[in-house]
Amino acid sequence: MQLLGIWVAAFLTLCIYSFLYKDNPLYRFAEHLFVGISVGYGIVLSIHQGFLPLAWKPFWEAITFQDTSGFWVIIPIAFGLLFFARLSPRHTWLIRYPIAILIGYGSGIAIPNVLRANIFEQTRGTLEPFGKIARETVAANGNIIPPLTPFEIVGAILMVIGVVCTLTYFFFSVEHRGPIKGLSKVGIAFLMIGFGSAFGNTVMGRVALLIQRMDFLMFDWIASIGTIFSSIF
Amino acid sequence: MTHYKICLWIAVCTTLFLWTSLGYTQGPTAPSNVVAKDTPNDDGTSITITWDVPADGSGIVGYNILSSIDEADFTQIGEQLSLEDVIDTKTNICNYQDTTVSRLNAFTYIIQAVTESGDTIQSQQTESVRPKAQIFHTGKIPLFLAMLLFSAAIVGNIYYVRSGREVFVRRIPGLEAVDEAIGRATEMGRSILYVLGLGGVSNVATIASMTILGQVARRTADYETPLRVPCNDPIVLNVVREMVKTSYLDEGRPDAYSEDNIFFLTESQFAYAAGVDGMMLREKPAAIFLQGTFYAESLILAETGNSIGAIQIAGTDSEAQLPFFIAACDYTLIGEELYAASAYLSKEPMLLGSLRGQDWGKLFIFGLIIVGVILELSGINWITTLLQNVR
């Protein structure tokens, strides 16, 4: 069975890699199989991890009077059912209610978190090193942190310049002329340096994935061919 | 006199000996000041117990937490805790958060100190506490005030623009190419592929992407260019269908709208990438929009689009994927340019006002950084303390 698994995995890997040459029936087979299996798996997962425990079980317990608090789930279930209003052209407009709730709820949850993590935390991270330039500080665990080294001071200054200039690049209602143009050009240079390093870092990760797949093909799959031959002869 | 001195010496030495012996033989003392309180700012699922830090040399190496539900027998919660687990170095107090509680019961606690030799000594039991859920998280007040401030800036600017005043919006090259891309697809008689990425309907980048899609759909309705949108989320699919349909209706071309062109592919990341790649190769769209949240599939999509010679306009706020779009696409909207795109394309007063309000917010942060650096260098760190306390 394990041998069969190795052969199926190797066959599908080669089918997908055949895309590097051009679109072909083998790639199309693997693509459709992948999409089909993932949709099927997703549906089963939604039923078992979503519908049954979150909707059906509390609802059933409520109607059989095991736990009447389950009657509350009727409200979200009713809103969810409005998605099926699409099936009736006269009632399609009803779908706007669950959509409005979802977008409103999602934005309400996301915006404060984005504000805290992307603005307040980042601003604090930019400012904090300047408080450590000339004096010792105490860490959360009680350890004494020595003042910054000259290298760290240069890093902190560069970070502030980078943040201020990049922020200037993202001003949309101001014409980028004169000093603003200069600052935004420095900002875009900082962005590109950041993107360049991220690109190199990720490509290294992708090469590691390729090596892993090659390792599978060369050592697991080709080794399995040897196993088959040795068992036959 | 000599006899008196000898007696005095004997008395002093005896006292010293007894005092020292007592010091060495002193066992661990019971945990003192043990207090159990409902944890503030939570949903009523935890109780916080605090007690004094043990004295140096007390021989205490850890603690057991015993709890009783509704005056029943005491049972130990979890494993024995080490001193490092419970001592808060900032406040110099021991604390433990019991997250096994329920709002329906009252809980009483005993702290059991454990010595090196394994002996235990118990504190007195605490008062009975019933956990409560709080409606408002008081720790989020600074965040709430900041939200109000930003919201006020945006609403004020929306009214400013609605009053008929002009708002300048700087040139965004990626968005100026939108018309060029749609025109090219129309001239070549090929379709436009719009990929919204993998974000859900509550994702900010997906919402921004859907707004851009609405504007793109207006133009494709005018030019009768097929617009294909493979979705990876069933809810996004429904929202997108509504938006595109509305755009076609607004342009007076409901007949040109085809619901089949907006379809669900799969929720799986790489299966979605494989499916979209296959579509690119078979349908050869003339223009590809990659707008929204993307992960590791970004380069796979952008490279395939590049290989078929389509004009590609990408935009995402996923920092890790931007380098790939910049490398493989013709135009890329970097981060917030994606959010600005809808205002830029539609020129609607509400969106333009919102864009101007966001710029005010950025100006505020700009000022905060400059002032913060000066204050930090002067040894005043209240800005960083305030930012740290925003939860």
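Of all residues in the range B:183-197, which are surrounded by fewer than 23 Cβ atoms within 10 Å (Cβ to Cβ) and in contact with a helix residue (DSSP H, G or I) (Cβ under 7 Å, 6 or more places away or on another chain)?
B:T186, B:S191
Any residue at all in the range B:360-379 that is crowded, with 22+ Cβ neighbours inside 10 Å, facing chain A (nearest Cβ under 10 Å) and not in a helix (DSSP H, G or I)?
no
What do you reckon, is A:E128 among the acidic types (D, E) and within 7 Å of another protein chain (Cβ to nearest Cβ)?
yes
Of the residues A:I161, A:I153, A:I145, which single one is more than 8 Å from chain B (Cβ to nearest Cβ) and within 27 Å of B:F168 (Cβ to Cβ)?
A:I161
Failed condition for B:D70, given (1) within 37 Å of the chain's Cα centre (by Cα); (2) within 19 Å of B:G44 (Cα to Cα), with all others met?
That leaves (1) as the condition not met.
Looking only at the range A:48-70, which residues are closer than 30 Å to B:N232 by Cβ and surrounded by 12 or more Cβ atoms within 10 Å (Cβ to Cβ)?
A:F51, A:L52, A:L54, A:A55, A:W56, A:K57, A:P58, A:F59, listed by residue number.
I need the full set of residues from the range A:1-26 which are surrounded by 14 or more Cβ atoms within 10 Å (Cβ to Cβ), at the interface with chain B (Cβ under 10 Å from one of its Cβ atoms) and more than 18 Å from A:M214 (Cα to Cα), in order please.
Correct list: A:D23 only.
Name every residue in the range A:90-101 that is closer than 23 Å to B:V201 by Cβ and exposed (fewer than 13 other Cβ atoms within 10 Å of the Cβ), in order of residue number.
Correct list: A:H91, A:W93, A:A100.
Please give the number of the condition A:V114 fails out of (1) surrounded by 14 or more Cβ atoms within 10 Å (Cβ to Cβ); (2) within 7 Å of chain B (Cβ to nearest Cβ).
Status for A:V114: all satisfied but (1).
Could you please find all residues in the range B:281-326 being at the interface with chain A (Cβ under 9 Å from one of its Cβ atoms) and farther than 18 Å from A:L210 by Cβ?
Result: B:L281, B:R282, B:E319, B:A320, B:Q321, B:L322, B:P323, B:I326.
Quick grid of which residues meet (1) under 28 Å from the mean Cα position of the chain (by Cα); (2) more than 10 Å from chain A (Cβ to nearest Cβ); (3) among the β-branched types (V, I, T); (4) under 15 Å from B:R218 (Cβ atoms):
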position	(1), (2), (3), (4)
B:E242	no, no, no, yes
B:D250	no, yes, no, yes
B:F270	yes, no, no, no
B:D277	no, no, no, no
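Any idea which of (1) under 15 Å from B:L81 (Cβ atoms); (2) not assigned by TED's automatic domain parsing to the domain that holds B:L83 is the one B:I111 doesn't satisfy?
(2)
Only one residue in B:T266, B:T225 is away from chain A (no Cβ under 14 Å), surrounded by 21 or more Cβ atoms within 10 Å (Cβ to Cβ), in a loop (DSSP other than H, G, I, E, B) and not charged (D, E, K, R). Which one?
Working: B:T266 fails: away from chain A (no Cβ under 14 Å).
The conditions single out B:T225.
The values are calculated or read from the model by the stated rules, or taken from the named source; none is laboratory data. Only a predicted model underlies this, so the values are computations on that prediction, with no experimental measurement involved. Ideal geometry is used to build each Cβ from the backbone, glycine not excepted, and the neighbour counts take in all protein chains shown.
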